[in-house]
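Participant: Can you keep this structure in mind? I'll have questions shortly.
Just so you know, all these numbers are worked out from the coordinates, no wet-lab data involved. Note that the structure is predicted; figures quoted are calculated from it, not measured. Counting neighbours? That spans all protein chains shown, and the Cβs are built from the backbone with ideal geometry, glycine included.
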Amino acid sequence: MHSKLIACLKPLLVSGLIGFVGIPAAQAAPNTFNTALPVAKDEFIWREQLVVRERSGSGATNRNVSVRAVGNVLGYGITPKLAVFGAVPYFIDKELDVTTPMGRVERDTDGFGDISLFGRYTLYQNDFTGGTFRVSPVFGFTAPTGDDNDRDGFGELPRSLQTGDGAWDGFGGVVTTYQTLQYQMDAQVLYRENGRHDGFARGDEARFDASLQYRIWPRSLKGVSGTPGFVYALLESNLIHRERDEIGSGTDANSGGTQWLLAPGLQYVTRSWIVEGTVQLPVVEDPNSDAIQDDYIVRVGFRRNF
Amino acid sequence: MKVRIALLLVSLMVSVTSLASEPEYYLGVQGVACPYCAFGVEKQLNKVQGVKSVIVDIGESRVRVTMDESAVLNEQQARQAVEDAGFSLESFSQTEEHRSTDNAQ
């Protein structure tokens with residue numbers, strides 16, 4: 001019975017954790033990825049983000065995956081050009097609802113996920129009055145700190161539902177920032193190679209993320225002394241391609257694929273605090289076979305400099 | 001009327017004394033374009049010995065640094081602090097009032 005159930009659950013998500021933990025996300029900086037977070041020398045940046053993610057799959061199993069998680073990120077500026085970051089999610093609840101031969105079944109888990117550590121070095125910097133342009137390579141790894149063998153009454157949870165994958169993963173890419181007093185654009189290209197553990201590997205991932213932040217308040221800085229808080233309107237884009245998961249000596253046909261998400265949002269930026277929120281919505285979904293797809297992702301949180 | 005004039009003179013003397021005792025500098029800083037960036041500049045300049053206050057006028061890309069009485073900020077200190085914050089020093093000057101006070105002294 002358990003094997004039948006597990007077979008039904010195989011075609012589960014890949015992207016849940018990766019999109020969230022990976023390099024999920026300096027200047028005002030985007031909300032949907034962490035690599036552009038600005039950090040001065042000897043300065044810390046702390047970001048907390050509540051993430052609500054709903055996913056569903058087509059087919060007879062009518063799968064639904066709900067994730068409630070908190071993303072925790074801490075960054076430190078070692079030099080003006082080199083910053084290091086740590087990011088770890090805490091899953092308040094990660095739940096799967098699926099139709100099986102025995103009826104509708106609900107399985108869930110919680111706890112800390114896999115921790116990601118990465119560094120960013122500003123290789124090119126062109127400052128000008130009221131703005132800057134920067135190009136920075138980013139490299140990091142993800143350590144298997146999450147639980148990869150959690151169980152419930154039906155037995156061991158499917159690998160894709162675990163809070164960790166048990167493997168060491170590596171990632172690298174380039175992030176660029178162009179910022180003026182009126183607007184900011186960030187973009188990153190990133191590749192993640194996922195390791196293998198106990199016969200399972202999440203599919204490797206390539207992504208292109210972009211973010212536009214446009215100041216909508218104050219509307220003009222003429223005659224303004226000091227540094228007032230800014231309100232930015234955001235529009236972010238995430239193009240993500242994931243390979244199929246590897247299971248045993250084969251691959252899971254119902255995993256991976258390509259998706260494009262757009263995320264409108266708002267940011268209130270002061271000298272040492274930022275409050276921000278976005279809703280990521282799928283524009284294009286091209287999953288492999290019956291791979292599960294995103295319905296929406298809500299991200300609300302704050303950042304603090306100290 | 002005499003009282004008013006006396007008060008005015010006293011307040012002028014206080015202002016002049018204050019200006020004379022707390023040197024002010026203007027730094028032109030390139031790269032600062034949001035409030036979050038301003039914090040880094042303030043933090044680094046506040047580490048410099050003798051700095052009393054730092055105000056970033058973000059719209060002007062200019063930083064006003066007020067020093068403690070008789071403290072001096074030199075251009076190299078200012079440049080290092082701005083670069084540690086991740087930005088570039090474009091210009092460095094002492095306010096005219098203090099320059100003339102210094103010259104008079």
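Participant: Assuming R0 = 25 Å, can you tell me the calculated FRET efficiency for the pair residue A:275 and residue A:222, based on Cβ-Cβ distance, to the nearest 0.05? Mind dumping the intermediate values first?
Facilitator: Values: r = 26 Å, r/R0 = 1.03.
Step by step, r from the Cβ atoms, then E = 0.45.
Participant: Still on this structure, I have one more. Under unit Cβ charges (Lys, Arg +1; Asp, Glu -1), what dipole magnitude, rounded to 20 debye, does the range A:2-305 have relative to its Cα centre?
Facilitator: Using only the charged Cβ atoms, the result is roughly 1140 debye.
Participant: Still on this structure, I have one more. Return the whole-Å distance between the Cα centroid of the range B:37-82 and the Cα centroid of the range A:193-236.
Facilitator: Each part's Cα centre sits 29 Å from the other's.
Participant: For the protein assembly as shown, with the dipole built from +1 on Lys and Arg beta-carbon atoms and -1 on Asp and Glu ones, taken about the Cα centre, which of A:275, A:289, A:139 lies farthest toward the positive end?
Facilitator: Farthest along the dipole direction, towards plus: A:275.
Participant: Suppose only helical runs count, i.e. DSSP H with n ≥ 4. What mean residue ellipticity at 222 nm does that imply for chain A under -39500 (n - 2.57) per run, divided by all residues and rounded to the nearest 500 deg cm²/dmol? Don't skip to the answer; put the middle values down first.
Facilitator: On the way: 2 runs with 15 residues, N = 306.
Taking each H run of at least 4 residues, the total per residue is -1500 deg cm²/dmol.
Participant: Nearest 0.05, what FRET efficiency do residue A:99 and residue B:69 give at R0 = 56 Å with Cβ-Cβ as r?
Facilitator: Numbers: r = 78 Å, r/R0 = 1.39.
Efficiency, rounded to the nearest 0.05: 0.10.
Participant: Taking the protein assembly as shown as the region of interest, what is the percent of Cα-Cα pairs per 20 angstrom bin, listed from the shortest bin to the one with the maximum distance?
Facilitator: Going from the shortest bin to the longest, the percentages are 26, 44, 21, 8, 1, 0.
Participant: Have a look at A:211, B:48, A:33 and report the one farthest towards the positive end of the charge dipole of the protein assembly as shown, computed about the Cα centre with Cβ charges (Lys/Arg +1, Asp/Glu -1).
Facilitator: B:48
Participant: What does the structure give for B:22-34 when I average, per residue, the other chain Cβ atoms found within 10 Å of the residue Cβ? Walk me through the numbers on the way to the answer.
Facilitator: Numbers: counts 0, 0, 0, 0, 0, 0, 1, 3, 7, 12, 9, 18, 20.
Counting Cβ atoms of other protein chains within 10 Å of each residue's Cβ and averaging gives 5.
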